[in-house]
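Visitor: Here it is, the structure, as structure tokens.
The values are calculated or read from the model by the stated rules, or taken from the named source; none is laboratory data. These figures come from a predicted structure and were not determined experimentally. Backbone-built Cβ (ideal geometry, glycine too); neighbour counts: all protein chains shown.
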Amino acid sequence: MHVELSNVTKVYEDPPQIVTALKDISFHVNEGEFLCIVGPSGCGKSTLLRMIAGLDHPSSGQIRFRGDLLTAPHSKISMVFQTFALLPWRTVIQNVEFGLEVQGRPRKERAEVAMDLLEMVGLKGSENLFPKQLSGGMKQRVGIARALAIDPEVVLMDEAFSAIDEFTAESLRAEVAEIHNETRKTFLLVTHNLPEAIELADRILVLSARPARVKSIVGIEMERPRIQTDSEFVSIHRDIFALLQAELENSIMRHRLSGLKEFKRLQDMEDR
Ligand SMILES: Nc1ncnc2c1ncn2[C@@H]1O[C@H](COP(=O)(O)OP(=O)(O)OP(=O)(O)O)[C@@H](O)[C@H]1O
Ligand SMILES: [Mg+2]
């Protein structure tokens, strides 16, 4: 097991607000596996990823990497962000070199690694541009190259394709699938986009509405590349969509019920 979560619960306490984002989450990711995480909006997907990145901590439960307890960012786990999070005052290549600089690696080695990765993500020739000179798709390519520069074992991606147009997203997805295939690194991708998850995943983790629990883990055995119009694809999509839809209805119903309770309280107060 590469990454393992055991009974992870996350409660945000901002008195008077107390939000339980994740409740008793247990699952694992195998080395080299591509795991996609889907779930209703606001259920706690980003929270989950941030905790694996060591940027936030569980309220209870444990996260382990190679069997060791994870309590801080780890040099073998890196993250690709939805909104790219590039450093605007650094050029493309300087952004990609950032993690290597932090690790104190020599200048020549940094430049070589960064150039190789920029070539791999199709940005050769753009290394001296600044982020503001790039399109969304180019920025995300830099984000991916930066995440890979430190040669991580685990790559975390939070909605990494959702801030770019669908056409570019499709080609980036294919590139990520290829990078996964070539490097056999472990990938964890959070996404709203179910077809995207089915296209990429070895397994899909379906979370329930907040507080998120593990609703289901679905293995995708289809051969790659996966075509959205194939009957197998359509049928997997239908099954997982039904799971998600049930969750959405649950969460709306819970919302309504809590609304009703409040209404009842108001009535009680008026009756007095
Ligand atoms: N730093 C924080 N302080 C307080 N509450 C937070 C914090 N971060 C997240 N939350 C709450 O935790 C819950 C889960 O948030 P999170 O961003 O993990 O959801 P998500 O599944 O990624 O949502 P989306 O699909 O919209 O990106 C939300 O109710 C959110 O308001
Ligand atoms: Mg999120």
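Visitor: With within 19 Å of the chain's Cα centre (by Cα), assigned by TED's automatic domain parsing to the domain that holds Asn181 and at pLDDT 95 or above as the only criterion, which of Ser41, Ser59, Ser26 stands out?
Guide: Numbers: Ser41 fails: at pLDDT 95 or above; Ser59 fails: within 19 Å of the chain's Cα centre (by Cα).
Exactly one residue qualifies, and that residue is Ser26.
Visitor: When you look at Glu109, is it more than 30 Å from Ile240 (Cα to Cα), assigned by TED's automatic domain parsing to the domain that holds Ser135, buried (at least 20 other Cβ atoms within 10 Å of the Cβ) and modelled with pLDDT of 95 or more, yes or no? Step through it out loud before you land on a result.
Guide: Numbers: more than 30 Å from Ile240 (Cα to Cα): yes; assigned by TED's automatic domain parsing to the domain that holds Ser135: yes; buried (at least 20 other Cβ atoms within 10 Å of the Cβ): no; modelled with pLDDT of 95 or more: yes.
The answer is no for Glu109.
Visitor: Can you pull out every residue in the range 65-87 that is at negative phi and either more than 23 Å from the chain's Cα centre (by Cα) or part of a loop (DSSP other than H, G, I, E, B) (or both)? Even if it seems obvious, please write down each step before you answer.
Guide: The initial filter retains those residues of the range 65-87 that are at negative phi, namely 65, 68-83, 86-87.
Within the range 65-87, Leu70, Thr71, Ala72, Pro73, His74, Ser75, Lys76, Phe81, Gln82, Thr83, Leu86, Leu87 qualify.
Visitor: Hey, Thr47 hits all of (1) β-branched (Val, Ile, Thr); (2) over 25 Å from Ile240 (Cα atoms); (3) within 10 Å of ligand 1 (Cβ to nearest atom) but one; which does it fall short on?
Guide: (2)
Visitor: Shifting gears a bit: Mind listing whichever residues of the range 26-44 are more than 12 Å from ligand 1 (Cβ to nearest atom) and touching a residue at least 40 places away in the same chain (Cβ under 8 Å)? Talk me through it step by step, then tell me what you get.
Guide: Within the range 26-44, the first condition is being more than 12 Å from ligand 1 (Cβ to nearest atom), and the residues that meet it are 26-36.
The answer is Ser26, Phe27, Val29, Asn30, Glu31, Gly32, Glu33, Phe34, Leu35, Cys36.
Visitor: Suppose we filter Arg173, Arg210, Arg226 for residues that are surrounded by 16 or more Cβ atoms within 10 Å (Cβ to Cβ), part of a loop (DSSP other than H, G, I, E, B) and out of contact with any Gly (no Cβ under 9 Å at 6 or more places or on another chain); which single one remains? It would help to see each step written out before you state the result.
Guide: Values: Arg173 fails: part of a loop (DSSP other than H, G, I, E, B); Arg210 fails: out of contact with any Gly (no Cβ under 9 Å at 6 or more places or on another chain).
The match here is Arg226.
Visitor: Quick one: which helices (runs of 4 or more DSSP H) sit completely within the range 88-155 and have at least 3 residues that are under 21 Å from Leu188 (Cα atoms)?
Guide: Working: elements: 92-102, 107-120, 136-149.
Because the criterion is at least 3 residues that are under 21 Å from Leu188 (Cα atoms), the helices (runs of 4 or more DSSP H) in the range 88-155 that meet it are 136-149.
Visitor: Does Val19 count as assigned to a strand (DSSP E or B), among the hydrophobic types (A, V, I, L, M, F, W, C) and modelled with pLDDT under 95? Lay out the reasoning, then the answer.
Guide: Details: assigned to a strand (DSSP E or B): yes; among the hydrophobic types (A, V, I, L, M, F, W, C): yes; modelled with pLDDT under 95: yes.
Taking the combined requirement at face value, the residue satisfies it.
Visitor: Taking Phe65 and the conditions (1) within 16 Å of ligand 2 (Cβ to nearest atom); (2) surrounded by 13 or more Cβ atoms within 10 Å (Cβ to Cβ), which numbered condition does it fall short on, given that it satisfies the others?
Guide: It is condition (1) that Phe65 fails.
Visitor: Scan the range 86-106 for residues that are small (Gly, Ala, Ser) and exposed (fewer than 13 other Cβ atoms within 10 Å of the Cβ) and jot them down.
Guide: Applying the first criterion (small (Gly, Ala, Ser)) to the range 86-106 yields 99, 104.
Result: Gly104, single match.
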